[in-house]
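Following: one structure in structure tokens, then a few remarks.
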Amino acid sequence: MVEPQRPRPLNGLGGLPVGRDPLAVRQRLEALEHLLERSFVIPGINRPVGLDAIVGLIPVAGDVIGAAMGGYLIWEASNLGLPKWKLWRMAGNVAFDSAVGAVPVAGDVFDFLFRSNTRNLRIVKRHLDKHHPLIEQ
């Protein structure tokens with residue numbers, strides 16, 4: 001007999017779960033990726049952008065803030081037990097995004113096109129789908 005899942009505790013911030021179980025972490029990472037990469041739509045061209053691209057418009061500090069937010073996603077992934085090579089790949093995505101994003105003007109355009117947090121979420125989802133296949137999606 002399958003026991004029903006206990007309700008996850010919510011922290012009140014958009015109803016995101018605070019647990020350490022893979023489903024709770026997945027929900028938090030999906031919400032973070034949405035906020036960082038697709039939370040706003042540019043009128044006229046209907047291109048979704050997020051806080052990562054918007055904060056990246058601030059010279060130096062914006063790229064540091066964007067890298068820190070991407071680092072949180074990597075930290076959560078490490079708590080899930082992802083292999084080190086996947087964590088290094090994720091760190092490389094964030095580092096590449098931050099380095100190229102630091103170039104004035106061209107870096108800002110690049111931030112609209114290269115979505116390191118989306119790439120990193122895809123890595124985490126593949127891991128969870130393989131190692132925790134019973135997680136509701």
Discussion item. Quick check on Ile54: is it under 20 Å from Arg38 (Cα atoms), of a type outside the set (Asp, Glu), without any contact (Cβ under 8 Å) to a residue 40 or more places away in the chain and not in a helix (DSSP H, G or I)?
Written reply: no
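In this structure, is Leu35 surrounded by 12 or more Cβ atoms within 10 Å (Cβ to Cβ) and either modelled with pLDDT of 95 or more or under 21 Å from Arg20 (Cα atoms) (or both)?
yes
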Item to complete: Might you let me know whether segment 51-60 holds any residue that is surrounded by 18 or more Cβ atoms within 10 Å (Cβ to Cβ) and either touching a strand residue (DSSP E or B) at 6+ places or on another chain (Cβ under 8 Å) or closer than 19 Å to Arg28 by Cα (or both)?
Response: yes
Worksheet item: Of the numbered conditions (1) surrounded by fewer than 18 Cβ atoms within 10 Å (Cβ to Cβ); (2) more than 20 Å from Gly56 (Cα to Cα), Leu128 satisfies every one except a single condition; which is it?
Response: (1)
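Of these, Arg115, Arg119, Arg89, Arg47, which one is in contact with a helix residue (DSSP H, G or I) (Cβ under 9 Å, 6 or more places away or on another chain) and closer than 18 Å to Val25 by Cα? Break it down into steps so the answer makes sense when it comes.
Working: Arg115 fails: closer than 18 Å to Val25 by Cα; Arg89 fails: closer than 18 Å to Val25 by Cα; Arg47 fails: closer than 18 Å to Val25 by Cα.
So the residue among Arg115, Arg119, Arg89, Arg47 that is in contact with a helix residue (DSSP H, G or I) (Cβ under 9 Å, 6 or more places away or on another chain) and closer than 18 Å to Val25 by Cα is Arg119.
A quick yes/no check of all residues on (1) of a type in the set (D, E, K, R); (2) not in a loop (DSSP other than H, G, I, E, B):
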residue: Arg20; (1), (2): yes, no
residue: Leu23; (1), (2): no, yes
residue: Arg28; (1), (2): yes, yes
residue: Leu36; (1), (2): no, yes
residue: Val41; (1), (2): no, yes
residue: Gly44; (1), (2): no, no
residue: Pro59; (1), (2): no, no
residue: Gly62; (1), (2): no, yes
residue: Ile65; (1), (2): no, yes
Practice prompt. Tell me, please, whether a residue that is of a type in the set (Gly, Ala, Ser), under 15 Å from Glu37 (Cβ atoms), part of a helix (DSSP H, G or I) and free of Cβ contacts under 8 Å to residues at least 40 places away in the same chain can be found in segment 84-97.
Written response: no
Practice prompt. Please state which of the following conditions Pro104 fails to meet, knowing it meets all the rest: (1) out of contact with any Pro (no Cβ under 9 Å at 6 or more places or on another chain); (2) surrounded by fewer than 12 Cβ atoms within 10 Å (Cβ to Cβ); (3) over 30 Å from Gly19 (Cβ atoms); (4) not β-branched (Val, Ile, Thr).
Written response: (1)
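The values are calculated or read from the model by the stated rules, or taken from the named source; none is laboratory data. Everything quoted here is computed from the prediction, not taken from an experiment. Here the Cβ is made from the backbone with ideal geometry for all residues, glycine too, and neighbour counts use every protein chain on show.
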